C-alpha cells in the first residue's frame, strides 16, 4: 500500500482528540467484528492512557495512522523487563483493511525493535482474529502458549506469540 497516495499519514505524536478517536474505533469496531464489550474498550483505553501518562517512556513507542485528520490505525510497542517488548493495540479501521496498512504498522514496529536492540517481541491476541494472527506469523511470530479467559463479555482463548530478535550466535 502506498500510504501517501492513499492519504494516510503514520506518526508517533498524539494530538488533542486522538486518544478519544483511538479508543472509540477500538471499541466500536471490535464489538462489531468480535462481540467484545465495553470492558474491552476500557482495556484498550487503559493501555493508551498508561502510555501517554508515562513520565519515562524509555523505548516504548506508539504509531498512529491518520487519514483526513482521523485516527484509522494504531500499534504500540511497550518496553518490558529483560530486554523484551510487547506489541499492543494493533488496529486498522475496517474501511482500510486488506490494503497493507496493518502489515506496514507491524513491520515498522519490528524494525524499531531491532534498531533499539530488543531481544524479543511478544504479543497476546485472541483465537478468531485470524487476519491478525496470519499477519504476525508471516513476519516470524510463533505461538508459544494459550490460555482460556472470561473477558470482554465472552469466553476466549488468548494466544501468546513471540518473535525472537536475538542474533544467532
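The sole residue among 29, 21 that is assigned to a helix (DSSP H, G or I), more than 29 Å from residue 140 (Cβ to Cβ) and touching a residue at least 24 places away in the same chain (Cβ under 8 Å) is 21.
Counting residues that are in contact with a helix residue (DSSP H, G or I) (Cβ under 8 Å, 6 or more places away or on another chain) and either under 20 Å from residue 47 (Cα atoms) or free of Cβ contacts under 8 Å to residues at least 60 places away in the same chain (or both), which strands (runs of 3 or more DSSP E) fully inside region 57-169 reach at least 3?
On the way: elements: 61-67, 70-80, 84-92, 120-126, 142-151, 154-164.
Passing ranges, in order: 61-67, 70-80, 84-92, 120-126, 154-164.
In the set (1) under 16 Å from the mean Cα position of the chain (by Cα); (2) buried (at least 19 other Cβ atoms within 10 Å of the Cβ), the condition left unmet by residue 118 is number (1).
Yes or no: region 71-78 includes at least one residue that is closer than 25 Å to residue 110 by Cβ and surrounded by fewer than 13 Cβ atoms within 10 Å (Cβ to Cβ). No, there is no match, as no residue in region 71-78 is closer than 25 Å to residue 110 by Cβ and surrounded by fewer than 13 Cβ atoms within 10 Å (Cβ to Cβ).
Every number here is computed from the coordinates shown, using simple stated rules; none is lab data. Quick caveat, the model's predicted, so the values are computed rather than measured. As a convention, Cβ positions derive from the backbone with ideal geometry for all residues, glycine included, and neighbour counts pool all protein chains shown.
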